1. Residue check, residue A:39 against (1) crowded, with 23+ Cβ neighbours inside 10 Å; (2) of a type outside the set (Gly, Ala, Ser); (3) at pLDDT 85 or above, all met but one. Which one?
2. From the list A:66, A:59, A:103, which one is more than 7 Å from chain B (Cβ to nearest Cβ) and modelled with pLDDT under 85?
3. Which members of segment B:33-57 meet the condition of being part of a helix (DSSP H, G or I), more than 8 Å from chain A (Cβ to nearest Cβ) and in contact (Cβ under 8 Å) with a residue 24 or more places away in the chain?
4. With respect to residue A:77, determine if the residue is under 18 Å from the mean Cα position of the chain (by Cα) and aliphatic (A, V, I, L, M).
5. Could you list, in sequence order, all residues of segment A:120-131 that are closer than 30 Å to residue B:121 by Cβ and either modelled with pLDDT of 85 or more or not in a helix (DSSP H, G or I) (or both)?
6. For segment B:1-32, name all the residues that are touching a residue at least 12 places away in the same chain (Cβ under 8 Å), in a helix (DSSP H, G or I) and more than 19 Å from the chain's Cα centre (by Cα).
7. Give all pairs with beta carbons closer than 6 Å in which a residue from segment B:65-78 that is within 7 Å of chain A (Cβ to nearest Cβ) meets a residue that is hydrophobic (A, V, I, L, M, F, W, C); count only pairs at least 6 apart in sequence or on separate chains.
8. Can you list residue pairs whose Cβ atoms sit under 9 Å apart, with the first residue in segment A:7-31 being at the interface with chain B (Cβ under 9 Å from one of its Cβ atoms) and the second being crowded, with 18+ Cβ neighbours inside 10 Å and not in a helix (DSSP H, G or I)? Count only pairs 6 or more apart in sequence or on different chains.
Amino acid sequence: MNAADLAAVPWWIWPIALFVVSFLIGIIAVLAGVGGGVLFVPVVGSLFPFHLDFVRGAGLMFALAGTLSAGPPLLRAGMASLRLVMPLALVGSIASFAGALVGLSLSTELLQTSLGILIIGIAFVIWYLRGADNAAVNADALAALLRLEGQYHDPAARMTIDWRTHQTLLGLAAFAGIGFLGGVFGLGAGFANVPALNLLMAAPLKVAVGSSGLLISVINSSAAWVYIHRGALLPLIVVPSILGVMLGSRIGALLLGVTPAPVVRRLVIVVMLLAGIRALTRGLGIWT
Amino acid sequence: MDLIKSDRALRELYAGWLDIATKAGFVVSLIAFLLYVARVLPAYVALEELPRYWALPVHQFIQATGAPSGWAWLAELGYGDGLNLLAIGLLGLVTPLCYARLVPALIAERDWLQAALAVAQLAVLLAAASGLIGGSG
C-alpha cells in the first residue's frame, strides 16, 4: 500500500489494529521473557503508517505501562530489589532523558537505519545469551556501601537465596548506555538490563528479571516526559497500545506454564530479525 | 530493624502505592480514551483528519495541525486529545509519586545514602516532567 492508500483507510481501523498487535506482543513478550518495547517499536514502525517519532513515544509508554502494572507482584515476591534498582535507575534515567532529546533531533532515515541495526543485533544477543544462576560473589566497595544485597524465596527450588552483587561501577556504566539507547529508540531495554544485572553484576536471574521491570518503569518515566512535551505522544496511538499490552501480558502470564518457551523465543528472534531488516531497508531507502 | 526486614517493608510500601497509582492511571486513561473516540468531547485535531498528518515528523505535525506542545496541552483539556495527554501524563507521574513516598520512610530509618539517591531520582523525574530541560523542540 502506498501513502495515499494508507491515508484512505478509515481512522478507526488503526487503533483497533494497534490494540490487536499490542495484545499479541504482550502475550509473546511474557512467554519469551523479553520486554515488549523491543518488538513494538520495530513491528509498529514497519507495518503501520505512523511516523517513527510517534511510534517511539508510544513504545516508551507501552514499556512503561507494562512494567508499572507488573511492579507490585514482583516487589512483593522479592524478585525486584529497590536497593539494587535505585542507583542504577538514577544513572539510567538521566541517560534516557538525554537519549530522548537526541532521538527527537535525528533524521528519520538515520533513526530507521540505526534501529534496524540495533534490533538485528539484539536478536543475536537474545539468541546467544543465556541466564546464569551465579555462585555467591564478594561485593565490591561500592556495592557494600550501597548494600546491594537481598534475599528471596524461590518456590520452584524450595529454598531461600541470599544474594549480593559486584562490579558496581561497570554496572552503572552499562545502565547509562542502556538508558541512552532506550531513550533514543523508545525501547524498554529489558533485553540488556537482564544480562547486565545477571551476567555483569551477578544478581540471581529471577532478581535480574524482576528488577529489570522496575528499572524500566523508573527510567522510562523521565524519557516519557520528553516525548509528551515535544508533542510526540498521540493518544490514538498510545492508549490502544497500553490497553492491548496490559491485557496481553495477563494472558501471557496465564499461558506461561503450558507454552514451550524455546519455541516462542525462536519466534521472537525471527520477528525481530524481519522487523529489523525492514527498518534497515527503509532507513537506507532500499524498500520504502 | 535488620536489612532484610527493612527492605521488605520498603518494598511493600512502594508496591502498595505503585499498585493504586497504576490502577488509577489506567482507569483514567481508559475513560479519557472512550470520551475521545466516542466524540463525547471534541478533538483538537479531528479524528478523521489524523491519518493525513501522523506520517509527518513531530515538528511538521505540530506546524500542520497547530497541536499543542510543552505545557500548552494543559489549556486544551476540554478536547478529547488534550484530556488523554493528561491521562498519559498521570502514568508518567506514578514513579515520582512512589519515590516521594519512599523518601520519608528512608529518612525515618536513617538510611541516608538511599534517601539521597531517592531525592536525586525525584529531582531528575520532576525536572523531566516540568519540561524545563528539553521541553520544547
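The values are calculated or read from the model by the stated rules, or taken from the named source; none is laboratory data. Note that this is a predicted model, so its numbers are computed, not measured. Positions of Cβ are generated from backbone atoms using ideal geometry, with glycine treated the same way; all protein chains shown enter the neighbour counts.
1. With (1) crowded, with 23+ Cβ neighbours inside 10 Å; (2) of a type outside the set (Gly, Ala, Ser); (3) at pLDDT 85 or above applied to residue A:39, the lone miss is (3).
2. Exactly one of A:66, A:59, A:103 is more than 7 Å from chain B (Cβ to nearest Cβ) and modelled with pLDDT under 85, namely A:66.
3. Scanning segment B:33-57 gives a single hit, B:35.
4. no
5. The answer is A:121, A:129, A:131.
6. Hits for segment B:1-32 are B:6, B:9, B:10, B:13.
7. Within 6 Å, the pairs are B:67/B:45; B:69/B:62.
8. A:14/A:48; A:14/A:50; A:14/B:54
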